[in-house]
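J.: I have a structure I would like to understand better, so I am pasting it below and will then ask my questions one at a time.
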Amino acid sequence: MPARLGELILGALADVGGREYLARCFLDPEPRIRAAALALLARLLPPAQSDAQPEVVIRWEP
């Protein structure tokens, strides 16, 4: 299912203008348009890899 969803999103993007349309969305003066474009980008990019260990806090109270 995720691969098919990716194909649908990329196809829809191609239908409305592809790279040029997406670039215009990132530069749009309307904050909601920019936010939507950035949210889409965040969902399509793989998560960042980090070597840093997460901080673990364990609290115990008797």
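J.: Within the accessible area of the chain, what % is carbon and sulfur when the probe is 1.4 Å and the other protein chains stay in place? Could you put the intermediate results ahead of the total?
T.: Working: 3730 of 6030 Å².
Accessible surface attributable to carbon and sulfur in the chain totals 62 percent.
J.: Using the Kirkwood formula over every pair of different C-alpha atoms, what hydrodynamic radius in Å results for the chain?
T.: 14.7
J.: Given labels modelled 7 Å from the Cα in the Cβ direction, how far is it in nm from residue 7 to residue 61?
T.: If labels sit at residue 7 and residue 61, their model points lie 5.5 nm apart.
J.: Can you tell which of 26, 37, 8 lies farthest toward the positive end of the dipole of the chain, using +1 and -1 charges on the Cβ of basic and acidic side chains (Lys, Arg; Asp, Glu)?
T.: So the residue furthest toward the plus end is 8.
J.: A further question follows. Just to confirm a number: summing +1 for Lys and Arg and -1 for Asp and Glu over residues other than residue 26 whose beta-carbon lies under 12 angstrom from that of residue 26, what do you get?
T.: Values: positive: 19, 24, 34; negative: 20, 28, 30.
Neighbourhood net charge equals 0.
J.: Compute a Gaussian network model of the chain, connecting alpha carbons closer than 10 Å, and tell me which residue from 13, 27, 45 fluctuates the most.
T.: Most flexible of the set in this elastic network: 45.
J.: To the nearest 10 square angstrom, what accessible area does residue 28 show with a 1.4 Å probe?
T.: 50
The values are calculated or read from the model by the stated rules, or taken from the named source; none is laboratory data. Everything numeric in this text was worked out from a predicted model, so none of it was measured. Here Cβ is always computed from backbone atoms with ideal geometry, including for glycine, and neighbour counts include all displayed protein chains. Surface areas here come from the heavy atoms of the whole protein model, side chains and all, with no ligands, DNA or RNA. Shrake-Rupley method; radii C 1.70, N 1.55, O 1.52, S 1.80 Å.
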